[in-house]
Each structure stands twice: as C-alpha cells, then as structure tokens.
Amino acid sequence: MPSQQILPITYHPPSVFSSSSSPTEKLLLKDAEDDPTTRLLLFSHFEEEDEEKGTPIIKPLLPRASSYITSTTNGANKHQQRRRRTASDSSLSSLSDDSRNNSLGREVEHAAAETFLVTRLSLKLLRYLGVGYRWITRFLALGCYSFLLMPGFIQVGYYYFFSSQVRRGIVYGDQPRNRLDLYLPKNTDGPKPVIAFVTGGAWIIGYKAWGSLLGQQLSERDIIVACIDYRNFPQGTISDMVKDASQGISFVCNHIADYGGDPNRIYLMGQSAGAHIGACALIDQAIKEAGEGESTSWSVSQIQAYFGLSGGYNLLNLVDHFHRRGLYRSIFLGIMEGEQSLQRFSPELMIQDLNISHAASLLPPIILFHGTADYSIPSDASKNFAETLQRLGVKAKSILYEGKTHTDLFLQDPMRGGKDDMFEDLVAIIHEGDSEALAKDAVAPPRKRLVPEFMLKLAHRVSPF
C-alpha cells in the first residue's frame with residue numbers, strides 16, 4: 001500500500017489592490033493597514049523562514065502522519081490507524097488551544113488600548129480646562145461618581161469587548177477617529193431598524209464606546225445601533241466634527257444593509273454635545289440639498305426621525321452658561337472656531353436663515369428629550385429649539401422628564417433596570433406602525449439592574465454634570 005500523508009495547507013491573502021474588491025472589503029483592508037492586530041488576523045501565513053537560506057518554508061497545518069508498512073495481521077493495521085487518528089486529534093486540539101489563546105490575547109490587547117485612550121482623553125480634558133479649585137473639586141466629584149457606577153461600567157465594558165454582537169472599529173472614512181461600532185440584535189429574521197448615534201463628551205472627550213449601554217439595550221429590542229466616533233478638540237474643531245459625523249451617517253445609509261439593517265428605517269440620534277453635532281450635520285445636509293448642484297453621499301430623506309438627548313442648539317445662549325460651569329469661554333470659542341461662528345453652528349439659528357428657508361421643509365420629524373434638572377445644558381435649550389422648528393412648519397416636539405439630570409437619562413436610569421420612560425418612548429417611536437415589534441415590546445422582560453439603588457442615588461447627588 002502506498003504511504004499516506006496530509007498535504008500542507010497555505011492561505012494566500014487577497015490583493016489589497018484587487019479591482020474586484022467591494023467598497024466594504026476595501027474599508028476592511030484599509031483597517032488592516034491602520035491596525036496591526038487586524039493585519040495579523042487577516043494576513044497570517046502558515047510559514048517559517050529557513051535561517052540558513054533565508055527562504056520561506058511552508059509548514060503544514062497538520063503534521064505528516066508516519067508511513068506504515070502494511071502488516072500481515074488486521075490487528076496491527078487497526079492499531080496503526082488508531083495511532084494516526086490520535087496524532088491528528090492531538091494536533092487539532094493543540095491548534096484549537098493556540099487559536100483560543102491568540103484570540104484572548106488580541107482581546108486583552110484591544111481592551112488595554114481602549115483603556116489607555118480613555119485615560120488620555122481624561123487627562124487632555126483637564127489640561128485644557130485648567131487645574132483651578134473649581135476643576136479640582138469637579139475632578140474629585142467625577143472620581144466618586146465613576147466609583148459609584150463602577151459595577152455597571154464593568155458589566156457594560158465586558159459586553160463591549162467580548163460580545164459577538166458588537167462589531168468594533170469599522171472604518172467609515174480616511175481621517176483619524178473615523179470609526180464606528182455596530183450593536184447587532186441576536187434575532188436576524190429580516191432587516192432591522194437602525195439608529196446612527198453620535199456620542200457626547202463636551203466636544204473634547206467624545207468617544208464611540210460611550211454609547212455601548214444604549215447600544216446593548218436597544219439591540220435587545222431588535223434595533224441596530226451604529227455609534228459614530230469623530231475627531232475631538234484639539235485634534236479637530238467643530239467643522240471637523242460635523243464633517244466626520246456626516247460621513248459616518250453616510251456610511252450607515254449606504255452600507256447598513258450589509259449588516260442586516262433596513263435602509264428604509266434609519267434614525268439619527270445624538271446625546272449632549274453629540275446631539276448638537278448631529279443636529280448641525282442634519283441641517284447642513286438639508287441646506288446642501290435645498291441648494292443647487294451640490295453632490296451629496298446621503299440624503300435627509302433617508303432619515304426617518306432625529307432624536308436629540310440633552311442637547312444644546314443655540315450656542316449664543318449657552319456660551320456664558322458653559323463658562324460659569326467650567327467650560328471657559330476662550331476654550332469654547334476655540335472649539336467653535338471663534339465668536340463669529342457661533343451662529344453658523346447653532347442649529348436653532350441656522351434653520352431660521354431666510355436665505356435657506358426651503359431647507360426646513362426637508363427635515364424629518366425631530367424629537368428632543370431633556371431632563372428638567374439638567375444643569376449642564378438647561379432643558380430650555382430643547383424646548384426653545386422645538387418651538388422654533390414648529391413655527392417653521394417642521395414636525396417637532398420636546399419631551400421633558402421631571403427631576404432628571406444630564407446623566408440620569410443616559411446612565412443612571414438605564415443602569416437601574418426595569419422600566420425607563422425615555423427608553424420606552426424612544427423604542428415606541430421607532431416601532432410605531434410595526435405591530436409585530438410592538439407586540440414583542442409589550443412582553444419584553446424587564447431590563448436587569450446593573451447598580452444597587454443606594455449607589456445610584458449617591459451618584460445622582462455627587463454627579464459633576
């Protein structure tokens with residue numbers, strides 16, 4: 001009988017410059033160029049190099065089985081077959097263990113990189129805001145606040161880094177921070193509604209991972225969430241942030257079907273500074289479409305509604321308030337590209353410009369959520385913007401939540417579990433007209449508590465926001 005052997009298996013990576021690559025594939029390949037861990041994952045070979053000759057040696061995925069001379073007895077034959085099977089099984093088990101260890105190593109490496117980024121952003125914020133008495137006390141309050149919510153942060157962080165339902169770091173543009181995270185429902189029976197979410201962070205420490213709690217909880221209701229990252233100050237100013245957000249929205253509109261999303265049910269949402277940036281991007285897009293001849297990569301008509309959470313929309317009314325709260329006037333004007341640009345980047349004022357009055361008719365319904373005890377951005381910001389839009393014929397409304405602070409609606413209430421008024425209002429609007437989805441919402445299990453009640457109440461009291 002001829003000797004038997006297992007042939008070597010080699011993986012040849014696709015050419016980065018293949019003309020047949022889809023746009024999504026090209027973005028993934030670009031991500032591989034930017035991210036060494038992604039390059040390792042995509043372009044690993046089963047090869048080693050001959051130390052003496054410097055030539056590559058292709059290593060087989062499985063070791064060659066030894067050749068055996070046919071025995072005259074059936075017992076010897078069966079014994080040899082068992083030996084070969086045992087050797088192969090051992091090799092496969094070893095390879096599987098190595099793969100799992102490598103995967104865990106990559107996850108730990110990514111988690112460490114994300115932690116470093118968050119720390120760097122926090123230090124950057126302190127450097128730009130100064131280290132006076134006011135900010136020392138705020139920093140201590142922030143430390144206490146974070147400590148009290150730490151049980152929830154740990155659970156959300158574990159989900160963010162290790163859940164198979166999260167697709168992190170998808171590239172949507174060619175600028176730094178042009179990445180987004182996708183939170184996908186486990187249920188894949190048909191296209192899902194989508195929220196493109198722009199996170200907050202005082203225009204200085206915004207980061208896509210800040211939306212992970214909202215993304216997790218909405219995905220449990222069969223809603224896809226795309227958390228868009230963008231350049232922060234001083235890496236970019238407000239025009240860069242609006243441009244990045246618009247490009248991220250464009251990616252969602254044009255590619256979300258590849259991830260199971262329904263391109264006919266896309267919603268835009270922003271929180272705090274992200275609500276301001278998202279509103280600027282939406283109105284800027286409407287102005288472009290109301291003009292003549294300017295090409296665009298997405299359309300306002302693709303957005304079914306805009307949700308603003310605790311946002312500020314008239315910067316002229318807020319600049320002094322921010323200064324008293326510690327975001328000093330000189331820094332804020334630097335972010336907004338000077339005092340002369342405050343009107344240009346105030347959605348409430350932009351939409352009232354008589355030269356672009358037609359743009360208002362293109363806007364989708366606008367729903368603004370705000371807590372009445374919000375000291376970071378007063379709830380009047382949402383109320384006044386909604387009233388302005390209504391006067392211009394836009395379908396808009398503000399929903400105010402009594403006694404809720406800037407972070408209650410976004411952090412403490414979701415971590416409390418059970419029923420959350422803002423969350424239920426948001427889901428009801430998205431699922432409006434979908435009887436099947438509404439029926440599932442009616443019997444959905446209550447969200448689990450992430451933080452004990454006494455810690456949430458203390459966090460509410462010490463919150464620096």
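The values are calculated or read from the model by the stated rules, or taken from the named source; none is laboratory data. Everything numeric in this text was worked out from a predicted model, so none of it was measured. The accessibility values were calculated without ligands, DNA or RNA, using every heavy atom of the protein model including side chains. Shrake-Rupley method; radii C 1.70, N 1.55, O 1.52, S 1.80 Å.
Report the far tail of the P(r) of the range 134-462, meaning the percent of Cα-Cα pairs longer than 25 Å. Here the long-distance tail beyond 25 Å is 49 percent of all Cα pairs in the range 134-462. Couplings 3J(HN,Hα) for the range 143-156, derived from phi with the Karplus relation 6.51 cos²θ - 1.76 cosθ + 1.60 (θ = phi - 60°), are x, 5, 4, 5, 5, 5, 9, 4, x, x, 4, 5, 5, 5 Hz, where x marks Gly and Pro.
Think of a 1.4 Å ball rolled over the protein heavy atoms: the range 253-403 then has 41 Å² of accessible area per residue. 3J(HN,Hα) along the range 312-328, derived from phi through the Karplus expression 6.51 cos²θ - 1.76 cosθ + 1.60 where θ = phi - 60°, amounts to x, 10, 10, 5, 4, 7, 10, 4, 6, 4, 4, 4, 5, 7, x, 8, 4 Hz, with x in place of Gly and Pro. Rounded to the nearest Å, what's the spacing between the alpha carbon centres of the range 226-299 and the range 331-370? Just the number, please. Going from one Cα centre to the other spans 14 Å. Counting only DSSP beta bridges with both residues in the range 134-462, the antiparallel share comes to about 25 percent.
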